[in-house]
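Before any comments, here is the structure.
Bear in mind that the values in this text are calculations on the coordinates, not laboratory data. Bear in mind that the values here come from a model prediction, so they are computed numbers and not experimental data. Cβ coordinates were reconstructed from backbone atoms using ideal geometry, including for glycine residues, and neighbour counts include every protein chain displayed.
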Amino acid sequence: MIDSVLLQLIEGQYSISPVNKLDSSRAKEGRYYAVSSSFCKEYAKKLKKEGRYFPMIETTNRRSGSDIIGEVLEIQVSIPKTIYGHSLIGVSRADLNIFCDKLVSLLVEIGIITTSKDIKQAVLKRIDFCTIIKLPDYLGTADRVICTIRDFNYKQQSDFNFNQNKIFDKKKLFNGNDGLYIKFWNSTQGYAIYDKFWEIYCQGYTTEEKKIKNLMEEGKFKRNALKFEFALQHKQSLDAFLRRRIDGKDEDFTLEDVLDEELVKGVMNDVFDAVFDDIAVGLISLNEMEQNKLYAYLDASGLTLKKQFALFFWVNMATRNGVAGFYEQLKRKCKGGSVGTNKKEISVILQELGKISGNVPNLVDFLRAEHRRFEIIKSKQRVEVVNGCIV
């Protein structure tokens, strides 16, 4: 589904009442430019205390040299939270009119006048693609799964060139007032895995989110919702990314272009597959077994003793150093073309081993299957709690 977006309206698509609630301002100057902006601060705080969701609204004027660039209105908004007060429910094109009407009403409250048609035609500058997966009992809670993924460091340095230095190199994850999540990012893209319910517990303030928080405090359900989110943070990279997936689009992208379940499904599957590659999945799947089970499993596999020794060695290397560390060790221990030869050999052995089975379920296989299924909670469904789980 689509969660948060950054929309830009230009002059002619909106007007500002003389009596408005854009009560704060800021300015920034450089050598050849100056930017001044106005935004809504106090009214947004008021609504937050009342348990109502309100997007981030800002009008911006820019001067470059002697040229004055026209004013624009930027709206950073969560589509599902605008409609439902929380972001557990997915949205599609069928929800676009409802969202636009609600956003228009919110803008009127602070003295900004626009129309649903103008919102639909607003330029898309940032977008967050996401999917939420409900975890079965045998995989435990979202925090446990996130810690498992963190410990093994599935992410390779080359995939999307995300910066992991502050996260995985030091074996850290974000846990606290911002919720529990791990994240890969750079200046243009980001990929995060969240404990969704803990995020709501830490950050939620709407009336609907407070209901969820109360249920958590009463111990009536466990944290079994895992959110995967892929963010395109700048318009240039967003346009380039979407043009590879949406044919015949040369102009700016709008909400109607991206509120498409097949598009979002394809994006989330591609990103997941890039992060969780075959060798990483094979090594970590084996390591999910205890050492004695691993001995027994390999012994009964039918692989030659040499291949069993090779897999056992690399599985333990991945355990100690994570998958990224495994690749570093492979480079240190092998030289030149032998790195590729050994990677290929490991891959062939894993293929020969076949589908890994055992008492411990394969975490990544489950997550990949859920990405392929891509089932989102629809607006006609209710988010309920039964025996401690969302249904």
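Consider a paramagnetic label point 7 Å from the Cα of Asn186 along Cα→Cβ; state which residues of segment 1-37 have an amide N under 14 Å from it.
Counting only backbone N, you get no residues.
From the C-alpha coordinates alone, can you work out the Kirkwood hydrodynamic radius of segment 1-104, in Å?
15.4 Å
Go through 83-89, 54-60 and give me the packing order, highest mean Cβ count within 10 Å leading. Please list the in-between numbers first.
Working: 83-89: 21.4, 54-60: 18.7.
Taking the mean over residues of other Cβ atoms within 10 Å, the ranking is 83-89, 54-60.
As an exercise, use a Förster radius of 51 Å and the Cβ-Cβ distance of His234 and Cys334 to find the FRET efficiency, rounded to the nearest 0.05. Show your work: numbers first, answer last.
Values: r = 38 Å, r/R0 = 0.75.
Step by step, r from the Cβ atoms, then E = 0.85.
Quote the FRET efficiency, to the nearest 0.05, computed for Ser36 versus Asp257 with a Förster distance R0 of 25 Å and r equal to the Cβ-Cβ distance.
Working: r = 31 Å, r/R0 = 1.24.
Working from the Cβ atoms, E equals 0.20.
Give me the extension gain from Glu109 to Leu305: residue separation times 0.36 nm, minus the current Cα-Cα distance, reported in nm with one decimal. Provide the component values of the computation, followed by the final result.
Working: separation 196, 0.36 × 196 = 70.56 nm, distance 7.24 nm.
Once the chain is fully extended between Glu109 and Leu305, it gains 63.3 nm.
For the residue pair Asp273 and Lys211, what label-to-label distance in nm results when each label sits 7 Å from Cα along the Cα-to-beta-carbon direction?
Roughly 3.9 nm, to one decimal.
Each residue of segment 7-14 in order: what ³J(HN,Hα) in whole Hz does its phi give by Karplus 6.51 cos²θ - 1.76 cosθ + 1.60, θ = phi - 60°, with x for Gly and Pro?
Rounded to whole hertz, the list is 10, 10, 9, 9, 4, x, 9, 7.
If each residue of separation counts as 0.36 nm, what is the full-extension length gain between Arg373 and Glu345 once their alpha-carbon separation is subtracted?
On the way: separation 28, 0.36 × 28 = 10.08 nm, distance 3.14 nm.
So the extension gain works out to 6.9 nm.
Taking the alpha-carbon distance from Lys196 and a cut-off under 14 Å, which aspartates and glutamates remain once sequence neighbours fewer than 8 residues away in the same chain are dropped?
Leaving aside aspartates and glutamates fewer than 8 places away in the same chain, those within reach of Lys196 are Asp3, Asp143, Asp178, Glu209, Glu229.
Take Asp101 and Glu218, extend 7 Å from each Cα along the Cα→Cβ direction, and tell me the distance between the two endpoints in nm.
Placing both labels 7 Å along Cα→Cβ, they lie 3.2 nm apart.
Quick check: pseudo-label points 7 Å beyond the Cα along Cα→Cβ at Ser92 and Lys28, how many nm apart are they?
3.9 nm
Quick one, can you get me the convex hull of the C-alpha atoms of segment 177-244 expressed as volume per residue in Å³?
It is 114 Å³ per residue.
If eta is 0.890 mPa s and T is 25 °C, what Stokes-Einstein diffusion coefficient results for segment 51-104, Kirkwood Rh from Cα pairs, in µm²/s?
Numbers: Rh = 13.1 Å.
Answer, rounded: 187 µm²/s.
For segment 232-274, which GluC sites (Glu not before Pro) are in a loop by DSSP, counting at most 16 other Cβ atoms within 10 Å? Present the calculation step by step, with values, prior to reporting the outcome.
Values: sites: Glu251, Glu256, Glu261, Glu262; in loops: Glu251.
For GluC sites (Glu not before Pro) across segment 232-274 that sit outside H, G, I, E and B with at most 16 neighbouring Cβ atoms in 10 Å, the list reads Glu251.
For the cross-link pairs Lys49/Lys220; Lys125/Lys222; Lys227/Lys343; Lys120/Lys235; Lys227/Lys333; Lys48/Lys249, which exceed 27 Å when the distance is taken from alpha carbon to alpha carbon? Numbers along the way, then the final one.
Details: Lys49/Lys220 25 Å; Lys125/Lys222 36 Å; Lys227/Lys343 31 Å; Lys120/Lys235 17 Å; Lys227/Lys333 37 Å; Lys48/Lys249 38 Å.
Check vs 27 Å cut-off fails for Lys125/Lys222; Lys227/Lys343; Lys227/Lys333; Lys48/Lys249.
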